[in-house]
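The values are calculated or read from the model by the stated rules, or taken from the named source; none is laboratory data. In this text, all values refer to a predicted model and were calculated from it rather than measured experimentally. FYI the Cβ positions are ideal-geometry reconstructions off the backbone, even for glycines, and counts take in every protein chain you see.
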Amino acid sequence: MTIENSVPKKSIWSAFGQLLRQELLPVLTDLRLAIVMLLIIAIFSVTGTVIEQGQSLAFYQANYPEHPALFGFLTWKVLLTLGLDHVYRTWWFLALLIFFGTSLTACTFTRQLPALKAARRWKFYDEPRQFQKLALSAELDNGSVNSLTQLLQNQRYKVFQEKDDSLYARKGMIGRIGPIVVHIGIVTILLGSIWGAMTGFVAQEMVTSGNTFQVKNIIDAGPWATALPKDWSVRVNRFWIDYTSSGGIDQFYSDMSVLDNQEQEVDRKTIFVNSPLRYRGVTFYQTDWGISAVRVRVNKSPIFQLPMAQLNTNGKGRIWGTWIPTKPDLSEGVSLLAKDLQGTVLIYDGTGKLVDTVRTGMSTSVNGVTLKILDVLGSTGLQIKADPGIPVVYTGFALLMLGVVMSYFSHSQIWALQKDGRLYVGGKTNRAQVAFEREMLEILDKLSLPTQGEEKAVAIEPHSA
């Protein structure tokens, strides 16, 4: 005979719920924990801003070498191991956001909502001694509850009256709702951030003027990225740069068209820095520029378009170059260099000697041939982002600001009791104590206006709340 002792499932869940309420909830709703978590999130957010995100391995190896290590410990290996190259998509950063959001949610349900529910209840005082517990109280020889009612309503109080001898009034309930809206706003921001990190992507493209492209050079993407363009493409109609009178860059522009899968234009915009193109949740930012090619003619040959590559100048400026053969067997040629799109091209022979300086549309004789520079083609550098969580984040910020404004409203309460020929009045507020005292004095002054031949005497007695 076997006796099997088993604990009912209901008892297990009851014990688990009790453990959750007694042990976990007090920790989750601790204000100190929320502040510490908020500081940690802020620190790692700053880290994600300072450390370049989504770059190549070679970039981190060059900028965060092992010898010497930055701050003595931060090397490219440490950086990649901790995921500091994509902070906002690491499991530990997302876990911080989730934990912080859980803490705010628990605080809302265990503290803020019960406090709001308690504030919505009204109760009446039936003993004079109860008024001694209030922050402010007064005892009047004249006046009545009915006359006080009208005065309070004039001050926008909501009045609850029991018969003709007891009264409770309140205003500023919106101030009690404000902290809850603040919590909802912060949690909404966290949810939007998580959603954007999991579904968004970042790409970079360098596109020659006149070319059409699809977004393919993805440098960072969430595991659930869904906004990748598949049935549409973008054409760079023209790229150009405006220069200042001193030769510096004033602004660079890209005239761009969005094409559907039949290559029909569905949108068009000229973008520049801080004025991007947005289409179907994807944003195209103007971030860089370059020289992609030069178009030349040798004697009466067809037009050649030769690519130009950026040369290493050891940080002494940007310059692009290419090599053009001047003989059919490629035994001789000249080098072309350009530093901007203003049309000036430097021509060097095989020994590195400057042969000539020409502008676009001009010709020169070199190595027995006539070389004509027709055009220098620029390329636009685009950073392409999609973050489906941005509308959610903006909504959260709107709620946050609304909640902060609502929290500035004072929640004021006033009680009154008429007993044994005397009127007892008292009240309290959660902020703006001085303003509340002035309001109470004004109400009591009107309430206790003396009759003819009498002197007025009203005293408010403050108590510790």
Note: among 109, 100, just one is assigned to a helix (DSSP H, G or I), under 30 Å from residue 175 (Cα atoms), touching a residue at least 60 places away in the same chain (Cβ under 8 Å) and not β-branched (Val, Ile, Thr), namely 100
Within region 338-345, is even one residue touching a Lys or Arg at 6+ places or on another chain (Cβ under 6 Å), over 24 Å from residue 204 (Cα atoms) and either surrounded by 13 or more Cβ atoms within 10 Å (Cβ to Cβ) or not assigned by TED's automatic domain parsing to the domain that holds residue 228 (or both)?
-> yes
Can we say residue 76 is surrounded by 13 or more Cβ atoms within 10 Å (Cβ to Cβ) and more than 23 Å from residue 114 (Cβ to Cβ)?
-> yes
Of the residues that sit in region 180-213 and are touching a residue at least 60 places away in the same chain (Cβ under 8 Å) and part of a loop (DSSP other than H, G, I, E, B), which one is farthest from residue 90 (Cα to Cα)?
-> 210
Considering residues that are crowded, with 18+ Cβ neighbours inside 10 Å and within 15 Å of residue 125 (Cα to Cα), the number found within region 137-153 is 3
Hand me the list of strands (runs of 3 or more DSSP E) wholly inside region 297-405 holding 2 or more residues that are of a type in the set (Ser, Thr, Tyr).
-> 344-348, 363-366, 369-386
Going by the conditions given, is residue 409 in a loop (DSSP other than H, G, I, E, B) and aromatic (Phe, Trp, Tyr)?
-> yes
If you go through 156, 129, the only one that is in a helix (DSSP H, G or I) and surrounded by fewer than 16 Cβ atoms within 10 Å (Cβ to Cβ) is 129
Go through region 214-242 and give me each residue that's in a strand (DSSP E or B), buried (at least 16 other Cβ atoms within 10 Å of the Cβ) and modelled with pLDDT under 85.
-> 220, 221
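Quick grid of which residues meet (1) assigned to a helix (DSSP H, G or I); (2) more than 29 Å from the chain's Cα centre (by Cα); (3) not aromatic (Phe, Trp, Tyr):
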site: 61; (1), (2), (3): yes, yes, yes
site: 78; (1), (2), (3): yes, no, yes
site: 85; (1), (2), (3): yes, no, yes
site: 114; (1), (2), (3): yes, yes, yes
site: 118; (1), (2), (3): yes, yes, yes
site: 122; (1), (2), (3): no, yes, no
From the list 137, 147, which one is of a type in the set (S, T, N, Q) and outside any helix (DSSP H, G or I)?
-> 137
